[in-house]
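Participant: Okay, here's the structure, questions in a sec.
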Amino acid sequence: MSIVVILIGFISQRIFVEILGLEYLGINGLFVNIISMLGIVELGLGSAVIYHLYKPMSIHDVASIKTLIEFYKKGYRVIASVVAVIGLLIMPFLGAIVGKVNIPESIYMIYLLFLADVVCSYLLVYKRSILYADQKNYIINFVHIGYILVMNGLQIAVLLITGNFYLYLIIKVIMRIIENLVTTAIVNKHYPSLNSGGILPIDDDTKKDIIKKIKALFMHKIAEFTVFGSDSIVISIFLGIKTVGLYSNYYLVITTISSIISQAFTAITASVGGLLVGNNHKKSFDVYNKMYFANFWLASIAAIGLVVAMDSFVTIWLGDKYVLSIGVLLALGINLYLQLIRSVTNSFKTAAGIFHEDRFVPIAESLVNIVFSIIFLQFFGLAGVFMGTICSNLVLLLFSYPKFVYTRLFKRSYRDYYIEFIKYLILTLIAGTATFVISRAIVVDGMFTYFVINVALSVVVPSVLFYIIYRHSDEFIYFKNLIIKIFAKVKSRKYMK
């Protein structure tokens with residue numbers, strides 16, 4: 001189903017570009033980033049509440065669960081209102097951010113539809129926290145996949161029949177409401193005891209801890225937007241809306257790859273929360289080490305695949321006039337690796353509720369991102385924007401994660417962390433260079449054949465290299481045995497049938 005979602009997303013983007021053009025694509029990408037900025041207002045309330053749900057969910061304390069969910073609901077209603085007000089206050093500045101565009105629609109009306117979508121996303125969303133805390137986020141994923149499929153299908157139909165951008169956006173708002181209603185209905189059905197009355201007020205200690213974590217998470221939300229959401233705004237202001245449109249195509253591919261890989265590691269967060277409750281540092285580190293190894297392997301293949309195969313993919317998908325330079329692609333590939341290699345460490349950090357301790361790090365991360373993006377942009381153009389993002393990622397990877405997560409949870413040294421991080425990075429660079437050289441040495445007729453070869457090389461070359469190096473390691477043997485067990489189980493089920 002995820003593959004179908006990915007395919008329909010790329011088909012939708014292709015039709016969007018062909019019917020509406022690069023300016024609309026740039027506006028769409030820019031407003032997505034501006035709206036993501038409003039997510040700062042959420043303050044991390046969801047993460048703070050989910051952290052406090054782990055224990056009552058494990059001991060089936062219905063009263064405490066109901067209390068937390070009620071608190072969450074009231075908080076999200078306030079957030080939806082604040083987002084709406086701040087979103088409206090941004091409107092007078094849209095002209096300066098967007099610049100001159102030649103489209104018949106009002107950029108203000110377009111923006112209002114984006115704003116309506118994000119406000120609706122906060123309504124009824126509070127109940128899905130139950131599924132996250134209960135390790136049933138696969139249900140949320142299935143509902144979201146259905147939402148994506150139906151929404152993109154309807155949007156494609158609207159573009160082909162009418163070419164109307166307003167209708168295209170209205171469909172997104174309506175489908176967002178339906179997605180939340182369906183998720184709420186599922187939660188109500190699976191957890192009927194939560195719908196009964198008698199909700200107790202939240203106790204002072206829990207409330208104080210949630211507020212403490214929210215204050216810290218606010219800083220993290222600012223950094224999250226600055227690192228992941230400000231690129232399009234910087235590009236629009238300095239390089240123009242059409243460049244945002246070109247980048248939007250690459251951004252779609254990158255977010256697709258990232259969401260597939262990150263989803264696996266995000267899904268383990270609740271399990272890690274249960275593991276850390278036991279306070280067994282040795283066992284926690286053993287699990288972390290194995291997951292970090294898998295994280296490295298997948299992140300490497302993804303980043304190498306982006307650099308090696310992206311040009312041929314974009315040429316097939318949209319045409320060679322939408323291909324960006326190799327310098328931009330290299331910066332995006334390195335940035336993707338650094339973002340993905342954070343996944344497991346971030347899951348442990350979230351599960352451990354480490355929000356307050358590193359609350360000032362996001363300020364440094366945000367400043368590094370903005371300042372270096374603008375400086376590098378002057379020398380390297382579009383690639384410089386992403387070089388600034390690379391620098392901000394290193395703030396987390398080289399300072400925050402070893403100091404507040406690795407040494408604290410596993411009682412290990414900084415030296416161990418840096419050795420592992422640098423070793424994996426060097427191996428990825430070696431594997432990437434070898435794959436790129438082999439790819440460019442191959443000459444074939446047909447871009448599609450070349451793309452398939454590039455994808456195959458991006459998987460095979462790094463995997464062979466990593467296998468040679470790690471085939472006797474505990475981490476590799478663990479996953480090899482795990483895969484063998486899975487295949488044996490599947491085979492035995494087929495035999496039973």
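Participant: What pairs come up if the first residue lies in segment 188-202 and is over 14 Å from Lys73 (Cα atoms) and surrounded by 14 or more Cβ atoms within 10 Å (Cβ to Cβ), the second is modelled with pLDDT of 75 or more and not small (Gly, Ala, Ser), and their beta carbons are under 7 Å apart, counting only those six or more places apart or on different chains?
Facilitator: Tyr191/Ile130
Participant: Being in contact (Cβ under 8 Å) with a residue 60 or more places away in the chain, surrounded by fewer than 14 Cβ atoms within 10 Å (Cβ to Cβ) and either under 14 Å from Ser300 (Cβ atoms) or of a type in the set (Phe, Trp, Tyr) (or both) narrows it down to one of Phe448, Phe410, so name that one.
Facilitator: Details: Phe410 fails: surrounded by fewer than 14 Cβ atoms within 10 Å (Cβ to Cβ).
Result: Phe448 is the single residue among Phe448, Phe410 that is in contact (Cβ under 8 Å) with a residue 60 or more places away in the chain, surrounded by fewer than 14 Cβ atoms within 10 Å (Cβ to Cβ) and either under 14 Å from Ser300 (Cβ atoms) or of a type in the set (Phe, Trp, Tyr) (or both).
Participant: Take segment 226-243 and flag every residue that is modelled with pLDDT under 75 and surrounded by fewer than 20 Cβ atoms within 10 Å (Cβ to Cβ).
Facilitator: Phe228, Gly229
Participant: Grab the helices (runs of 4 or more DSSP H) fully contained in segment 1-78, keeping just those with 2 or more residues being modelled with pLDDT of 85 or more and within 30 Å of Val234 (Cβ to Cβ). Reasoning before the result, please.
Facilitator: On the way: elements: 2-20, 22-38, 45-58.
Of the helices (runs of 4 or more DSSP H) lying wholly inside segment 1-78, those with at least 2 residues that are modelled with pLDDT of 85 or more and within 30 Å of Val234 (Cβ to Cβ) span 2-20, 22-38.
Participant: Within segment 174-205, can you find the residues that are of a type in the set (D, E, K, R) and either within 23 Å of the chain's Cα centre (by Cα) or within 30 Å of Val158 (Cα to Cα) (or both)? Full working, then the answer.
Facilitator: Kept after step one, since they are of a type in the set (D, E, K, R), are these residues of segment 174-205: 176, 179, 189, 203-205.
Within segment 174-205, Arg176, Glu179 meet the criteria.
Participant: Another one. Picking from Ser271, Ser300, Ser258, which residue would you name as being out of contact with any Gly (no Cβ under 8 Å at 6 or more places or on another chain), buried (at least 17 other Cβ atoms within 10 Å of the Cβ) and part of a helix (DSSP H, G or I)?
Facilitator: Details: Ser271 fails: buried (at least 17 other Cβ atoms within 10 Å of the Cβ); Ser300 fails: out of contact with any Gly (no Cβ under 8 Å at 6 or more places or on another chain).
Exactly one of Ser271, Ser300, Ser258 is out of contact with any Gly (no Cβ under 8 Å at 6 or more places or on another chain), buried (at least 17 other Cβ atoms within 10 Å of the Cβ) and part of a helix (DSSP H, G or I), namely Ser258.
Participant: Tell me, please, whether a residue that is exposed (fewer than 15 other Cβ atoms within 10 Å of the Cβ), small (Gly, Ala, Ser) and in a helix (DSSP H, G or I) can be found in segment 94-101.
Facilitator: Among the residues of segment 94-101, at least one is exposed (fewer than 15 other Cβ atoms within 10 Å of the Cβ), small (Gly, Ala, Ser) and in a helix (DSSP H, G or I), which makes the answer yes.
Participant: Six or more apart or on different chains, Cβ under 7 Å: which pairs go from a residue in segment 352-372 that's in contact (Cβ under 8 Å) with a residue 12 or more places away in the chain to one that's not in a helix (DSSP H, G or I)? Could you list them?
Facilitator: Phe355/Gly44; Asn369/Ser230; Ile370/Ser230
Participant: Additional query: Between a first residue in segment 475-489 that is surrounded by 10 or more Cβ atoms within 10 Å (Cβ to Cβ) and a second residue that is of a type in the set (Lys, Arg), which pairs have beta carbons less than 9 Å apart while being 6 or more apart in sequence or on different chains?
Facilitator: Glu475/Lys290; Ile477/Arg471; Tyr478/Lys290; Phe479/Lys290; Lys480/Arg471
Participant: To continue, here is another question. Would you mind listing the helices (runs of 4 or more DSSP H) fully within segment 400-497 where at least 3 residues are over 30 Å from His356 (Cβ atoms)?
Facilitator: Details: elements: 407-410, 414-441, 447-470, 474-496.
Counting at least 3 such residues, we get 414-441, 447-470, 474-496.
Participant: From the list Thr350, Thr389, Thr345, exactly one residue is surrounded by fewer than 23 Cβ atoms within 10 Å (Cβ to Cβ) and under 17 Å from the mean Cα position of the chain (by Cα). Which is it? Explain how you work it out, then say what you get.
Facilitator: Details: Thr389 fails: surrounded by fewer than 23 Cβ atoms within 10 Å (Cβ to Cβ); Thr345 fails: surrounded by fewer than 23 Cβ atoms within 10 Å (Cβ to Cβ).
Within the list Thr350, Thr389, Thr345, the selection yields Thr350.
Participant: Out of all the residues in segment 122-135, is one or more among the hydrophobic types (A, V, I, L, M, F, W, C) and either farther than 30 Å from Asp61 by Cβ or in the same structural domain as Thr266 (by TED's automatic domain parsing) (or both)?
Facilitator: From segment 122-135, those among the hydrophobic types (A, V, I, L, M, F, W, C) are 123-125, 130-131, 133; that's our starting set.
Adding the requirement that they be either farther than 30 Å from Asp61 by Cβ or in the same structural domain as Thr266 (by TED's automatic domain parsing) (or both) leaves none.
No, segment 122-135 has no match at all.
Participant: Also, quick follow-up: For Val460, indicate whether it is loosely packed, with under 14 Cβ neighbours inside 10 Å and either of a type in the set (A, V, I, L, M, F, W, C) or in contact with a Ser or Thr (Cβ under 9 Å, 6 or more places away or on another chain) (or both). Spell out how you get there, then give the answer.
Facilitator: Numbers: loosely packed, with under 14 Cβ neighbours inside 10 Å: yes; either of a type in the set (A, V, I, L, M, F, W, C) or in contact with a Ser or Thr (Cβ under 9 Å, 6 or more places away or on another chain) (or both): yes.
Criteria met by Val460.
Participant: May I pose another question? What is the residue count in segment 134-191 for residues that are in a loop (DSSP other than H, G, I, E, B) and under 25 Å from Thr266 (Cα atoms)?
Facilitator: Pass one, segment 134-191, residues in a loop (DSSP other than H, G, I, E, B): 134-136, 162-164, 191.
Subsequent filtering for residues that are under 25 Å from Thr266 (Cα atoms) retains 134-136, 191.
Count: 4.
Participant: Which one of Ile370, Ile354 is in the same structural domain as His472 (by TED's automatic domain parsing), assigned to a loop (DSSP other than H, G, I, E, B), of a type outside the set (D, E, K, R) and more than 30 Å from Glu18 (Cα to Cα)? Reasoning before the result, please.
Facilitator: On the way: Ile370 fails: assigned to a loop (DSSP other than H, G, I, E, B).
Result of the check over Ile370, Ile354: Ile354.
Participant: Quick one: Asn346 ticks every box in (1) among the polar types (S, T, N, Q); (2) in contact with a helix residue (DSSP H, G or I) (Cβ under 7 Å, 6 or more places away or on another chain); (3) under 30 Å from Leu276 (Cα atoms) except a single one, so which number is it?
Facilitator: Of the numbered conditions (1) among the polar types (S, T, N, Q); (2) in contact with a helix residue (DSSP H, G or I) (Cβ under 7 Å, 6 or more places away or on another chain); (3) under 30 Å from Leu276 (Cα atoms), the odd one out for Asn346 is (2).
Participant: Right, here's the next one. So which residues in segment 373-399 are more than 20 Å from Ile341 (Cβ to Cβ), in contact (Cβ under 8 Å) with a residue 60 or more places away in the chain and part of a helix (DSSP H, G or I), if there are any at all? Lay out the reasoning, then the answer.
Facilitator: Initially, segment 373-399 is screened for residues more than 20 Å from Ile341 (Cβ to Cβ), giving 373-385.
Filter once more, so that each one left must be in contact (Cβ under 8 Å) with a residue 60 or more places away in the chain: 373-374, 377, 381-382, 385.
Passing the criteria: Ser373, Ile374, Leu377, Leu382, Val385.
Participant: Consider only pairs whose beta carbons are under 8 Å apart and that are at least six residues apart or on different chains; among these, list those whose first residue lies in segment 263-291 and is modelled with pLDDT under 85 and whose second residue is of a type in the set (D, E, K, R) and surrounded by fewer than 18 Cβ atoms within 10 Å (Cβ to Cβ).
Facilitator: Within 8 Å, the pairs are Leu275/Lys283; Val277/Lys55; His281/Lys411.
Participant: What about Val118, is it of a type in the set (Val, Ile, Thr), modelled with pLDDT of 85 or more, surrounded by 20 or more Cβ atoms within 10 Å (Cβ to Cβ) and in the same structural domain as Tyr108 (by TED's automatic domain parsing)?
Facilitator: On the way: of a type in the set (Val, Ile, Thr): yes; modelled with pLDDT of 85 or more: yes; surrounded by 20 or more Cβ atoms within 10 Å (Cβ to Cβ): yes; in the same structural domain as Tyr108 (by TED's automatic domain parsing): yes.
The answer is yes for Val118.
The values are calculated or read from the model by the stated rules, or taken from the named source; none is laboratory data. Small disclaimer: the values here were computed from a predicted structure and weren't measured. A quick note on method: Cβ atoms are made from the backbone with ideal geometry, for glycine too, and the neighbour counts reach across all protein chains shown.
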